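Trainee: Take this structure first; my questions come after.
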Amino acid sequence: MTLPVVVGLTGASGAAYGVEAVRLLVEAGIEVHLVVTAAGEKVLALELGLSPEKLGGGRPRLWPVDDIAAPIASGSFRTAGMLVAPCSIRTLSAVACSTSSNLLERAADVTLKERRPLVLLVRETPLHRGHLRLMLQASEAGAVIMPPVPAFYAGLQSIGDLVEQTTARALDELGIDLGLVRRWTGAR
């Protein structure tokens, strides 16, 4: 039995990654605990015309971003890890500096302190030195920094394919193999 997964959506562009993660996990029968920042709600509405309540057919447990008493705020609540998709620079900064000013940041900090995998799909470009320093600092704390870079070798045919491949690879980092990753098998 797979432990629950925490999914966080922030205000960076790329809400499709978080939506796809929720969809894939729910379809696989994996319990999802979802937290969306206020900016994440705006981006979700602007990019996809969705609200957090509509994700995964309403099956994920949606936690208010200000609910610091939620189970995912405690290390005693066991999870398989956490995916922040997309991850804004503001959230990256909070993770790198161990700031916990909301539930998403607290859940990420708990994930790291419990030595569970935390995958950050950092969505910003170009990057300046401050961004790169924050990425290094978060990595040194144990986070996996995974900008959503396309795997062109995978023969992707659509944006949907690209989003699925990237999201499935991110879930791979949590130890969840849904059989969707188009893996490199060498040159033919």
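Trainee: Just the residues that are under 14 Å from Val7 (Cβ atoms) and assigned to a helix (DSSP H, G or I), please, taken from the stretch 55-69. Outline the logic, then answer.
Mentor: Step one: list which residues in the stretch 55-69 are under 14 Å from Val7 (Cβ atoms), which gives 55-56, 59-63, 65.
Of everything in the stretch 55-69, those that are under 14 Å from Val7 (Cβ atoms) and assigned to a helix (DSSP H, G or I) turn out to be Leu55, Gly56.
Trainee: Here's another thing I want to ask about it. Are there any pairs, at least 6 apart or on different chains, whose C-beta atoms fall under 7 Å, with the first in the stretch 123-144 and under 21 Å from Gly175 (Cβ atoms) and modelled with pLDDT under 95 and the second in a helix (DSSP H, G or I) and not acidic (Asp, Glu), and if so, which?
Mentor: Short answer, once both residue conditions are applied: none.
Trainee: Name the one entry in Glu27, Glu31 that is acidic (Asp, Glu) and more than 14 Å from Arg61 (Cβ to Cβ). Steps first, please.
Mentor: Details: Glu31 fails: more than 14 Å from Arg61 (Cβ to Cβ).
Step by step, each of Glu27, Glu31 is checked, and only Glu27 is acidic (Asp, Glu) and more than 14 Å from Arg61 (Cβ to Cβ).
Trainee: Applying the selection to the stretch 1-16, what residues are within 15 Å of the chain's Cα centre (by Cα), in a loop (DSSP other than H, G, I, E, B) and of a type outside the set (A, V, I, L, M)? Working first, answer last.
Mentor: Initial filter on the stretch 1-16 (within 15 Å of the chain's Cα centre (by Cα)): 4-16.
In the following step, the residues that additionally are in a loop (DSSP other than H, G, I, E, B) were identified as 4, 10-14.
Within the stretch 1-16, Pro4, Thr10, Gly11, Ser13, Gly14 meet the criteria.
Trainee: Restricting to the stretch 55-113, and then to whatever is closer than 22 Å to His131 by Cβ and of a type in the set (Asp, Glu), can you tell me which residue is surrounded by the most Cβ atoms within 10 Å (Cβ to Cβ)?
Mentor: That would be Glu105.
Trainee: Looking at the stretch 22-49 only, could you name the residues that are surrounded by 14 or more Cβ atoms within 10 Å (Cβ to Cβ) and more than 18 Å from Leu83 (Cα to Cα)? Outline the logic, then answer.
Mentor: Step one: filter the stretch 22-49 for residues surrounded by 14 or more Cβ atoms within 10 Å (Cβ to Cβ), giving 22-26, 28, 30-37, 39-41, 43-44, 47-48.
Glu47, Leu48, listed by residue number.
Trainee: Which one of Gly155, Gly130, Gly142 is within 17 Å of the chain's Cα centre (by Cα) and of a type outside the set (Asp, Glu)? Talk me through it step by step, then tell me what you get.
Mentor: Values: Gly155 fails: within 17 Å of the chain's Cα centre (by Cα); Gly130 fails: within 17 Å of the chain's Cα centre (by Cα).
When all the criteria are applied, what remains is Gly142.
Trainee: Check the stretch 86-99 and report whether any residue there is touching a strand residue (DSSP E or B) at 6+ places or on another chain (Cβ under 9 Å), under 19 Å from Gly142 (Cβ atoms) and of a type outside the set (A, V, I, L, M, F, W, C).
Mentor: Yes, that holds for at least one residue.
Trainee: Can we say Val163 is among the hydrophobic types (A, V, I, L, M, F, W, C), part of a loop (DSSP other than H, G, I, E, B), under 15 Å from the mean Cα position of the chain (by Cα) and farther than 14 Å from Gly81 by Cα? Explain how you work it out, then say what you get.
Mentor: Details: among the hydrophobic types (A, V, I, L, M, F, W, C): yes; part of a loop (DSSP other than H, G, I, E, B): no; under 15 Å from the mean Cα position of the chain (by Cα): yes; farther than 14 Å from Gly81 by Cα: yes.
Spelling it out, it is not the case that Val163 is among the hydrophobic types (A, V, I, L, M, F, W, C), part of a loop (DSSP other than H, G, I, E, B), under 15 Å from the mean Cα position of the chain (by Cα) and farther than 14 Å from Gly81 by Cα.
Trainee: Considering Val43, Val35, Val19, which residue is of a type in the set (A, V, I, L, M, F, W, C), outside any helix (DSSP H, G or I) and touching a strand residue (DSSP E or B) at 6+ places or on another chain (Cβ under 9 Å)?
Mentor: Working: Val43 fails: outside any helix (DSSP H, G or I); Val19 fails: outside any helix (DSSP H, G or I).
Going through Val43, Val35, Val19 in turn, just one is of a type in the set (A, V, I, L, M, F, W, C), outside any helix (DSSP H, G or I) and touching a strand residue (DSSP E or B) at 6+ places or on another chain (Cβ under 9 Å): Val35.
The values are calculated or read from the model by the stated rules, or taken from the named source; none is laboratory data. Computed from a predicted structure; not experimentally measured. All Cβ positions, even for glycine, are placed from backbone atoms using ideal geometry, and neighbour counts span all protein chains on display.
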